[in-house]
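The structure under discussion appears below in the form of structure tokens.
The values are calculated or read from the model by the stated rules, or taken from the named source; none is laboratory data. Keep in mind that this is a model prediction, so the values were computed, not measured. Positions of Cβ are backbone-derived with ideal geometry, glycine not excepted, and every protein chain shown enters the neighbour counts. When the accessible area is computed, the model is the full protein with side chains, heavy atoms only, and any ligands, DNA or RNA have been set aside. Shrake-Rupley method; radii C 1.70, N 1.55, O 1.52, S 1.80 Å.
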Amino acid sequence: MRKNFVEELRWRGMLAQMMPGTEELLQKEMVTAYLGTDPTADSLHIGHLCGIMMLRHLQRCGHKPIILVGGATGMIGDPSGKSQERNLLNDETLRHNQECIKAQVAKFLDFESKDANAAEMVNNYDWMKDFTFLDFAREVGKHITVNYMMAKESVQQRLNGTARDGLSFTEFTYQLLQGYDFLYLYQHKGVKLQLGGNDQWGNMTTGTELIRRTLGNEVETFALTCPLITKSDGKKFGKTESGNIWLDPKRTTPYRFYQFWLNVSDEDAERYIKIFTSLEKDVIDALVEEHKQDPGRRVLQKRLAEEVTLMVHSQEALDMAIEASNILFGKSTKEALEKLDEQTFLDVFDGVEKFDVDQSQLGQPAIELFTAAAPVFPSKGEMRKLTQGGGVSLNKEKLSDAQRPVTAEDLIDGKYLLVQKGKKNYYLITVK
């Protein structure tokens, strides 16, 4: 018996809208479904993850997922949820971005399977690049009225909204282009279902309408959306002070990625663990129960952070992220500090007070360096007293003598000194 995909999305809180007949179709046969993603960057961010997880659940329920990279539509821009038109990309950049995205999605979907439901990636640029404007006007434009297009919420928002520039013709045609993708994929890949975020509903139903008007009323295609994920305070999910949380470790280190999930609220952790992991319902229910017994242990957040970091990165990256997280709060060692790559090291100590000192200052006693060159301590007396009481550490090792010289040998990564005053106060000194 095929696992019920709609039921899976429903209990996970991943179902917003679907056209009548969608669930029956999915129970009746193996369905090929597609989800479009935008190749404007060479990495996805966690805002894309809900859609990717939908495809993952789809494949696990025995259906065939296709991820469409919008090489053509990425050159135009979609008005849905945007207040401005986006920049147009050249072919080389789009191809590079597509390859990077496929490598990331391959961690969620099985492209190599010998089964009929192996995942595929397609790029709409491949079928749009030779499609002339006259062909488009004749084959697509004549089937959909302007009245129908104008009624879409995404168009209305831009026309009545605060955007100074209104809505360009290019963007207005976006829903026709997306609709044509569905038509093309129905004809060439047997795609009967389009998946997407709820802001895409208007574009998706234009696709089903275009197919019906082009091929006849007896041809049935379907659309299903997931809700737009927000935080419990109503703010946009996945945005932090420093910007997006990316899946590419060069843009967002696994440590920072892990910390993002670790720091979500209890309410969000309970929702996110259903949406962003493949854990089964009984496992999640048990975790929620355990978390309620003692919220301070943050059982849900830890498991969520582990599962998502492991899925997006690797076991090795997860181990390093956990070790890096323990540096601030646990009994760590200089050896653990030295194992971190520079970006992770800086991420761990992001927000601590920082000082710069010149290389010529090395060689002098710690008590001179940490009161004058880098004023970690307001006075030598305070530093001496704290050192005697065992309250000062250099690079996670207790400083037993305030007169001990600090040399180039002490530098981490050839340029950093980490001073700890008491249990919680860290200071990062960069030697230049």
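Considering only residues that are of a type in the set (Asp, Glu) and in a loop (DSSP other than H, G, I, E, B), look in the range 187-235 and name the one that is surrounded by the fewest Cβ atoms within 10 Å (Cβ to Cβ). The selected residue is 218.
Give me a count of the residues in the range 420-432 that are more than 15 Å from residue 331 (Cβ to Cβ), loosely packed, with under 13 Cβ neighbours inside 10 Å and out of contact with any helix residue (DSSP H, G or I) (no Cβ under 8 Å at 6 or more places or on another chain).
Of the residues in that region, 1 qualify.
Can you pull out every residue in the range 250-291 that is small (Gly, Ala, Ser), touching a residue at least 24 places away in the same chain (Cβ under 8 Å) and out of contact with any Ser or Thr (no Cβ under 8 Å at 6 or more places or on another chain)? The answer is 269, 278. Taking the criterion of being out of contact with any strand residue (DSSP E or B) (no Cβ under 8 Å at 6 or more places or on another chain), polar (S, T, N, Q) and modelled with pLDDT of 90 or more, the residues of the range 209-244 that qualify are 214, 217.
Name every residue in the range 401-419 that is open to solvent by less than 20 Å² (accessible area, probe 1.4 Å) and assigned to a strand (DSSP E or B), in order of residue number. Passing the criteria: 412, 416, 417, 418, 419. Here residue 178 does not qualify as open to solvent by less than 30 Å² (accessible area, probe 1.4 Å), more than 19 Å from residue 205 (Cβ to Cβ) and part of a helix (DSSP H, G or I). I'm trying to understand the selection: among the residues of the range 32-55, which are of a type in the set (Ser, Thr, Tyr), part of a strand (DSSP E or B) and more than 16 Å from residue 110 (Cα to Cα)? The one that is of a type in the set (Ser, Thr, Tyr), part of a strand (DSSP E or B) and more than 16 Å from residue 110 (Cα to Cα): 37. Considering the conditions (1) out of contact with any Gly (no Cβ under 8 Å at 6 or more places or on another chain); (2) of a type in the set (D, E, K, R); (3) open to solvent by 70 Å² or more (accessible area, probe 1.4 Å); (4) farther than 27 Å from residue 303 by Cα, residue 398 is excluded by exactly one of them, (1). Among residues of the range 16-30 that are of a type in the set (A, V, I, L, M, F, W, C), those with a Cβ under 6 angstrom from a residue that is modelled with pLDDT of 95 or more and not in a loop (DSSP other than H, G, I, E, B), sequence gap 6+ or separate chain, pair up as 16/225; 16/226; 18/224; 19/222; 19/223; 26/5. Of the residues making up the range 36-70, those that are open to solvent by 10 Å² or more (accessible area, probe 1.4 Å) and over 14 Å from the mean Cα position of the chain (by Cα) are 36, 40, 56, 59, 60, 62, 64.
Which helices (runs of 4 or more DSSP H) sit wholly inside the range 277-369 and have at least 3 residues that are open to solvent by 60 Å² or more (accessible area, probe 1.4 Å)?
281-293, 299-312, 315-329, 334-339
Of all residues in the range 373-392, those satisfying the criterion of being open to solvent by 20 Å² or more (accessible area, probe 1.4 Å), within 44 Å of the chain's Cα centre (by Cα) and at negative phi are 373, 375, 378, 386.
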